[in-house]
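Reading through the structure tokens given below for one structure.
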Amino acid sequence: KIEEISRIFPQLKLVFIARDLVDRAWSALIMELRNQTSGLTAGSFADGSGIQTCHNARDPKKPKKSVMSVAQKRRMQELSSPSSQPDSYYMERLRNATHDSRSNYAKHLRNWYEHFPPETILIVDYRDIESDPRGTLSKIVQHIGLHEEEARKYVESLDDRVLGQRVNAATSDQLRIDDSTASIKSSQPSSSDYFLSQRPNLKRRMQKYLQHHAIEFNALLKEKGYLWRLDEYDGNGREMT
């Protein structure tokens, strides 16, 4: 498929954003858990009660709309919370072929380098998006074709709120349920990082499992002339030596 893409789009510019491997994997695992919970069929909640339905008042011919009770919404929140699963669940999912493959940055990038010259592929440090969003965006838009002055004007025109907006965060435990009878608001932090920080043993196990992927990716970065590195979970810093 990559060969076909290169044949159809030989001038294609590619951007790969590299996030810390544990952070990326944890985010993916939490998103998977959330999606699985959202996909539960009606009536599968622990209390055994079915989900009530109501007619569309404006168009009775349209299908009934599912309406969950406050208790059901609370139950869904509990099931989708990272704390609902033991460490063994997350390690088992991490070893799954899909999750393991997505953590193998070096393998996938080498596949692309086989068909595209190095100058067409830009590898971006995910941390730079937070520490220097404008500079990082300027680097990306110049890579895909804008001249430096055009890139500068474009980036300067963006509002800080646009640059700082989080899109499709992996988890949000600030579940809000509002109806005529109740209002539920979670007091737990919305960041999935919080939950992992509360499970140091799980974090260490994930680091150990993913360490070889980090080492292989950093070797690729050095090979391609990049002066930064991902954490290899060995206590060393960000810069390559």
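The values are calculated or read from the model by the stated rules, or taken from the named source; none is laboratory data. Predicted, not measured: the structure shown is a model, and the values here were computed from it. Positions of Cβ are generated from backbone atoms using ideal geometry, with glycine treated the same way; all protein chains shown enter the neighbour counts. All accessible areas refer to the heavy atoms of the entire protein, side chains included, with ligands and DNA or RNA removed. Shrake-Rupley method; radii C 1.70, N 1.55, O 1.52, S 1.80 Å.
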When the stretch 184-241 is checked residue by residue, the ones that are acidic (Asp, Glu), at pLDDT 95 or above and exposed (fewer than 14 other Cβ atoms within 10 Å of the Cβ) are Glu223
Selection status of Thr136, open to solvent by 20 Å² or more (accessible area, probe 1.4 Å) and out of contact with any Lys or Arg (no Cβ under 9 Å at 6 or more places or on another chain) = no
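Would you say Val167 is modelled with pLDDT under 85 and at negative phi? Break it down into steps so the answer makes sense when it comes.
Values: modelled with pLDDT under 85: yes; at negative phi: yes.
So Val167 passes the test.
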The one condition Leu94 fails out of (1) of a type in the set (A, V, I, L, M); (2) touching an Asp or Glu at 6+ places or on another chain (Cβ under 9 Å); (3) within 30 Å of Val155 (Cα to Cα) is (3)
- Look at Arg58 and say whether it is in a loop (DSSP other than H, G, I, E, B) and either of a type in the set (Lys, Arg) or at pLDDT 70 or above (or both). yes
Looking across the stretch 4-47 at residues that are at pLDDT below 85 and among the hydrophobic types (A, V, I, L, M, F, W, C), the single one that is nearest to His115 (Cα to Cα) is Leu40
Residues of the stretch 1-39 being small (Gly, Ala, Ser), under 30 Å from Ser84 (Cα atoms) and in contact (Cβ under 8 Å) with a residue 60 or more places away in the chain, in sequence order, are Ala18, Ala25, Ser27, Ala28
If I filter the stretch 81-88 for residues that are open to solvent by less than 40 Å² (accessible area, probe 1.4 Å) and modelled with pLDDT under 65, do I get at least one hit?
no
(1) surrounded by 14 or more Cβ atoms within 10 Å (Cβ to Cβ); (2) of a type in the set (A, V, I, L, M); (3) within 30 Å of Arg7 (Cβ to Cβ) all hold for Leu94 apart from (3)
Here the qualifying pairs (Cβ atoms under 9 Å; residues six or more apart or on different chains; first in the stretch 92-103 and more than 12 Å from Leu33 (Cβ to Cβ); second in a helix (DSSP H, G or I) and open to solvent by 80 Å² or more (accessible area, probe 1.4 Å)) come out as Leu94/Arg205; Ser101/Lys107
By residue number, the members of the stretch 109-133 that are loosely packed, with under 14 Cβ neighbours inside 10 Å and without any contact (Cβ under 8 Å) to a residue 60 or more places away in the chain are Pro117, Glu119, Glu130, Ser131, Asp132
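Please verify whether the stretch 123-134 includes one or more residues that are of a type in the set (D, E, K, R), more than 18 Å from Ala18 (Cβ to Cβ) and assigned to a helix (DSSP H, G or I). Steps first, answer last, please.
Filtering the stretch 123-134 down to residues of a type in the set (D, E, K, R) leaves 125, 127-128, 130, 132, 134.
Applying the additional criterion that residues be more than 18 Å from Ala18 (Cβ to Cβ) yields 134.
Now drop any that are not assigned to a helix (DSSP H, G or I), which leaves 134.
Among the residues of the stretch 123-134, at least one is of a type in the set (D, E, K, R), more than 18 Å from Ala18 (Cβ to Cβ) and assigned to a helix (DSSP H, G or I), which makes the answer yes.
What's the total number of residues in the stretch 100-132 that are among the β-branched types (Val, Ile, Thr) and modelled with pLDDT under 95?
Residues flagged as among the β-branched types (Val, Ile, Thr) and modelled with pLDDT under 95 within the stretch 100-132 amount to 1.
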Restricting attention to the stretch 109-156, the residues that are of a type in the set (Gly, Ala, Ser) and closer than 17 Å to Tyr226 by Cβ number exactly 2
